[in-house]
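Let me begin by presenting the structure, written as structure tokens, before commenting on it.
The values are calculated or read from the model by the stated rules, or taken from the named source; none is laboratory data. Quantities reported herein were computed from a predicted structural model and do not represent experimental measurements. Every residue, glycine among them, receives a Cβ derived from its backbone with ideal geometry; neighbour counts consider all protein chains shown. When the accessible area is computed, the model is the full protein with side chains, heavy atoms only, and any ligands, DNA or RNA have been set aside. Shrake-Rupley method; radii C 1.70, N 1.55, O 1.52, S 1.80 Å.
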Amino acid sequence: MQQVRLELDSNVRRGSHGTALLGGSPFRLVRLSAAGSGVLDQWLAGSVAPTKPGEVALHEQLIKSGLVHPVPSVGVELPSVAFVVPVFDDQLGLDRVLAALRRDFPHERIVVVDDASPNANRLADIVADHAADLIRHDVNRGPAAARNTGWRRVEDKPAVSSIRPEVIVFVDADVMPLAGALPALLRHFADPAVAAAAPRVPAEPGVGPIAAYESHDSPLDLGADPALVFPGTRISYVPSAALAVRASILEENYGFDEEMRFGEDVDLIWRLTDDQHMVRYAPEAVCHHRNRGSLVSFAKQRFSYGSSAAVLARHHRSKVAPLQMPVAVLGSTLGALFGGTKIRAAAALGTLVAGERLRHKIVDKVDNPVTEAARLTAMSHGYALQGLSTAATRTWAPLLLASRRSRRWLLLALVLPALIDWFRRRPANDAVTHIALRGLDHGAYSAGVWVGVLRNLSPAALLPKVQLPTRQHDQG
């Protein structure tokens, strides 16, 4: 019988009796029966897979809620796989990534799609050196089209000596998979419910101010904690710089949107989750991404990412909202920041009432309900402050430049979080350089957002999403 081990999500707390789980993303309270709690203990210790209907249902529900994450066994059989590498005029990167793929997968099929590079002959030589297949676009069509060309070639014309692959792995030419990273990623497909999985993509170690900044603030690095990917949660998307997708899912019309030059990966992931397909973020698999070489290319990258927001909003509406927050937390936070004496007093009272309601809800579920309620209340308002400052600097900045007072708030929203981040992480850059690069990062992204909004004649990408209260249900 297959062994299975689960691990609690990094923000989940469990009372001493083990019958209540607080956490997940989005945050929830799940109550377990004594029997359900005992079964969870076994799974956390690495017991056998569930077989009874009730246990199977509990197992699936805990995973789908993001409260726990499966830890694939090293001995699990890997699915058959093929690789697609889109490239445009990147000889060094292509040579490195193909060597890395051949290191871990010496005999699997690799399809390189040259998106009309000017030096096609040299790229062709590199592809031949690594025994990969080459397809060339006559005109540059963008990364989405290149990836689609690659996986469709794999499906339409499978290699003579190999079976049709179960999983297609997309790896960009400027990505370097570490040894064993992609096998670790592919182990997640032992679960037939997993439609796609992505590794962690931190910036490649380097020297200079940009490398020092990217080591902690790369937009592709989603952190060290595993997660179920879902819009509006801690990990709401994963980049296609390195992404594994079931071939059968791609065949169900889940290819990349070729009209999108940027944001096509977010669009794909959200279409998958809309249709209840499971997408996992697996940070134990690490693939480095090459840093931008200059401030201009650094800013262009951020601008390009921001420019996709308007198109994403057209297809996915409020999922791309720059701020997503419960109405009560937003109201009390805004009242405390910008209200007069009476409004601030009302905001404080509302926060106390919300904390008391939370304490009452968890009073018999955790060891110290007063402390836990205070912690959760403070944490939610801390996230609110962080969300407001990020939305202000990355999206709403042009609006806040209109008056002297709002400009002061904008400067504070940029400098204070950046300074706190610098003290906490102590990057190689000095504080002034760190703040300046944060300003360039967020400013370029905001400019891209507004250019996209004007091109599409739609303000949807600028609008916040206010979440109404929801009820939580008991499980197990």
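Checked against the criterion of being touching a strand residue (DSSP E or B) at 6+ places or on another chain (Cβ under 6 Å) and under 22 Å from PHE189 (Cα atoms), the range 36-44 has at least one qualifying residue. The number of residues in the range 182-193 being at pLDDT 95 or above and either buried (at least 21 other Cβ atoms within 10 Å of the Cβ) or of a type in the set (Gly, Ala, Ser) (or both) comes to 7. Within the range 270-303, the set of residues being over 30 Å from ASN253 (Cα atoms), open to solvent by 30 Å² or more (accessible area, probe 1.4 Å) and either part of a helix (DSSP H, G or I) or of a type in the set (A, V, I, L, M) (or both) comprises LEU295, VAL296, SER297, LYS300.
Looking across the range 401-437, the residues that are without any contact (Cβ under 8 Å) to a residue 12 or more places away in the chain, open to solvent by 30 Å² or more (accessible area, probe 1.4 Å) and within 24 Å of VAL453 (Cα to Cα) come down to LEU401, ALA402, SER403, ARG407, LEU411.
For the range 151-160, check the following and say yes or no: at least one residue is of a type in the set (A, V, I, L, M), surrounded by 16 or more Cβ atoms within 10 Å (Cβ to Cβ) and at pLDDT 95 or above. No, there is no match, as no residue in the range 151-160 is of a type in the set (A, V, I, L, M), surrounded by 16 or more Cβ atoms within 10 Å (Cβ to Cβ) and at pLDDT 95 or above.
Scanning the range 22-58 for residues that are open to solvent by less than 50 Å² (accessible area, probe 1.4 Å), free of Cβ contacts under 8 Å to residues at least 60 places away in the same chain and more than 30 Å from GLY75 (Cα to Cα) turns up just one, GLY23. No other residue among ALA436, ALA391, ALA428, ALA418 is over 30 Å from ILE362 (Cα atoms), in contact with a Pro (Cβ under 6 Å, 6 or more places away or on another chain) and either at pLDDT 95 or above or not acidic (Asp, Glu) (or both) apart from ALA391. Within the range 15-40, restricting attention to residues that are assigned to a loop (DSSP other than H, G, I, E, B) and among the hydrophobic types (A, V, I, L, M, F, W, C), the residue that is modelled with the highest pLDDT is LEU32. Can you say whether SER236 is under 14 Å from the mean Cα position of the chain (by Cα) and open to solvent by 20 Å² or more (accessible area, probe 1.4 Å), as far as the supplied structure shows? Answer is yes for this residue.
Sub-7 Å Cβ pairs linking a first residue in the range 105-121 that is of a type in the set (Ser, Thr, Tyr) to a second residue that is open to solvent by 60 Å² or more (accessible area, probe 1.4 Å) and at pLDDT 95 or above, at least 6 apart or interchain, are SER117/PHE88, ordered by first then second residue. Within the option set SER308, SER332, SER318, being crowded, with 22+ Cβ neighbours inside 10 Å and at pLDDT below 95 holds for one residue only, SER332.
Scanning the range 347-390 for residues that are surrounded by fewer than 16 Cβ atoms within 10 Å (Cβ to Cβ), over 30 Å from the mean Cα position of the chain (by Cα) and closer than 30 Å to LEU411 by Cβ returns a single hit, ALA348. Among residues that are outside any strand (DSSP E or B) and of a type outside the set (S, T, N, Q), PRO239 is included. Once the range 94-125 is narrowed to residues that are among the small types (Gly, Ala, Ser) and within 31 Å of the chain's Cα centre (by Cα), the residue that is nearest to ASN148 (Cα to Cα) is ALA116.
Here the range 194-208 is the region considered, the condition is being part of a strand (DSSP E or B) and open to solvent by less than 10 Å² (accessible area, probe 1.4 Å), and the residue that is nearest to HIS289 (Cα to Cα) is PRO199.
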